[in-house]
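Read through the structure below, which is laid out as C-alpha cells, and then see the notes.
FYI, it's all coordinate maths here, none of it is from the lab. This is a predicted model, so every value here is computed, not measured. Cβ placement follows ideal geometry from the backbone for every residue including glycine, while neighbour counts extend to all protein chains displayed.
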Amino acid sequence: MKSEVGESDLLKRFAFTIAVLAVFRLGVHIPTPGVNVRALISIVDQNNTGLLRLLNLFSGGALANFSIFALGIMPYISSSIIMQLMTVVLPTLEQLQKEGGVGRQKINRITRGITVILALVQGYLLSTLLEGAGDTPAGPPVLDPGLSFRLLSMMVLATGTCFVMWLGEQITEKGLGNGTSLLIFAGIVANLPATLGNMISAYRDNQLSLLGIMGILIFCIIIVFLVTLIEQSYRKIPIHYARKVSSNSSAGVHVSHLPLKLNMAGVIPSIFASTLLAIPVSLAGFTSFKGHPLLSDLNQGRWLYHTLFAICVLFFCYVYISITFRPEDIAENLKRQNAYIPGIRPGSETLDALKQVVSRLTLAGAFYMNIIIFLPMILTSSFGQQFNFSGTSLLIVVGVALETIRQVSAHLTTQKYDYRILTSTPPNS
C-alpha cells in the first residue's frame, strides 16, 4: 500500500514537472510587443557563432522570437555564480553560508535581487542592440524604435525572467530534479526536432546519404556514451577513521573514501569560454568592425577560435575549482575527526596531497571537456551538416539527465525505506 502511494506521489511530481515545462515552452512563443519576429530570426541566423545564437540555444529559441522569456534563466544563473564568487571574497556572505537554512534563505533573497537587476540591464542592452541591428530582407527588427520600446522591453523581459525563476523553484520544490537545470535542459532539447528536420531535408535534397545519417547517429551515440561514462567517474581517496575504543577492547580503523569527481568544474568553464569568445564577434556585428579578418578567425571552425577556447576552458577550470573546492577545509575537518589518508600525515601534508590530486583532476577534466566540445565541430566538418547541438549543450543535457535519474532513484528508495519502517513489527516486550 505504501509502495503504491510512493509511486503515485512520483507520478504526481512527474506530471507537475511536465506541466511547468509546458508553460515555459508556451511562453517561449509569445513575442514581446513591438518586434518583427521574422526579421529577428534572420538576425540570429546570421550570427551563427555569436552571443545571440548562444543565448538563443540556451533559451530554446526564445531569443529568436524576442519572447517574454528571451533572457530565460540565464540572469539567475549569472547571479548565482556571482554570489558563489562573492561568498569567497566577503566574510559576511561566508558567515551567512555557514549559518544553515536561515543563512541560505538570506543568500537566496540577495541572489533574486541581483537577478532582477541583471535582467533589467540585459533587457535594456538587448533592446538597444536590436534597434541598432539595421534593416533585414524581412524589414526592420523593431517596428517603433525609441526610449518607450527599450523601457517596455526591459520591463517585459525582466518580468519574464522572474517568472521563469519562479517556475524553476516550483519544479525543485514540487517536481522532479533541479528546476533551473531542467529549464535549460528543456530549452536545449527543444532544438533537437530542428536538427532532425535539417538532416531529413538534406537527405531529400541528396546532400546527405543514408549511410551518412547512420554514421551521424552512431557518432552521437558514442559521444553520449563517453560523456555519461566520464560524468559518473570519480577519484576515490581512501580515508581511515581511528575508532574510539575502551581500555578493554583493541583499537580499530573505519575505512571510507573521499569521492572527487573527474569533471569537478561541470559545464561552467565551457559556458564562460563560449560567452567570452562570442562577445567580440557579436558586438562587432553592430559596428564598423564587422568583417574584420581578426574577428572572422574568432568564428567556430577557425584555428584561433579553437586555440583560445582550449586555453579559456583550462583557465576557467582552475579558477572555478579553486573558488568552489576548498581543500583547506577538508584537511582541517579530517584532522578534527581523527581521520587521515593512509601514508600521509594529517595537516599540511594532507593539504598538499589533496591539492595535487585536485590539480591533476582539473587538468584531466579540462582536457576531457575540450574533446567533447570539439567533437560536434568535427562531426559538422566531416558530414557537411550544420547542427544546433554543441558540445556544451551535450554536457548540460547528459548531466541534467543523470542528476534527475539519481533523484528519482533516491525518491523511490526513500519510499521503500518508509514502507519497511511502517510495516515492521515491533519486538514483543
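Key figures for this structure:
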quantity	calculated
Efficiency of FRET from Cβ geometry, Val319 and Ala22, R₀ 51 Å, rounded to 0.05	0.85
Rounded if a/c under 1.5, otherwise prolate or oblate - the range 140-240, Cα gyration tensor axes	oblate
Mean Cβ count within 10 Å, highest first, over the residues of peptides 28-40, 225-237	28-40, 225-237
Derived scalar couplings ³J(HN,Hα) [the range 343-351; Karplus, 6.51 cos²θ - 1.76 cosθ + 1.60; whole Hz; x for Gly, Pro]	x, 10, 6, x, x, 5, 5, 5, 4
Computed label-point distance, nm, for sites Tyr234 and Asp135 using a 7 Å Cα→Cβ extension	6.2
In order through the range 212-220: 3J(HN,Hα) via Karplus (6.51 cos²θ - 1.76 cosθ + 1.60), integer Hz, x for Gly, Pro	x, 5, 4, x, 5, 5, 5, 4, 5
Thr307/Val121 FRET efficiency (R0 22 Å; Cβ-Cβ; nearest 0.05)	0.10
Residue pairs, from the table Lys261/Lys335; Lys174/Lys236; Lys174/Lys261; Lys174/Lys335; Lys12/Lys236, whose Cα atoms sit over 31 Å apart	Lys174/Lys236; Lys174/Lys335; Lys12/Lys236
Rounded FRET efficiency, nearest 0.05, which uses the C-beta distance separating Ala242 from Asp352 and R0 of 30 Å	0.90
His411-Leu262 pseudo-label distance in nm [points 7 Å out on the Cα-to-Cβ vector]	2.9
Loop trypsin sites (Lys or Arg not before Pro), the range 89-154 (other Cβ atoms within 10 Å of the site Cβ: 11 or fewer; DSSP)	Lys98
Table column - 3J(HN,Hα) (Hz), the range 167-173, Karplus curve with 6.51, -1.76, 1.60, x for Gly and Pro	4, x, 5, 5, 5, 4, 7
Cα-based equivalent ellipsoid of the range 1-190: semi-axis lengths in Å, sorted from largest, via gyration tensor	33, 23, 13
Placed amide H near Val35: partners under 5 Å, 5+ positions off or other chain	Leu143
Placed amide H near Gly72: partners under 5 Å, 5+ positions off or other chain	none
Arg235 long-range amide H proximity, modeled H, under 5 Å	Leu260, Lys261, Leu262
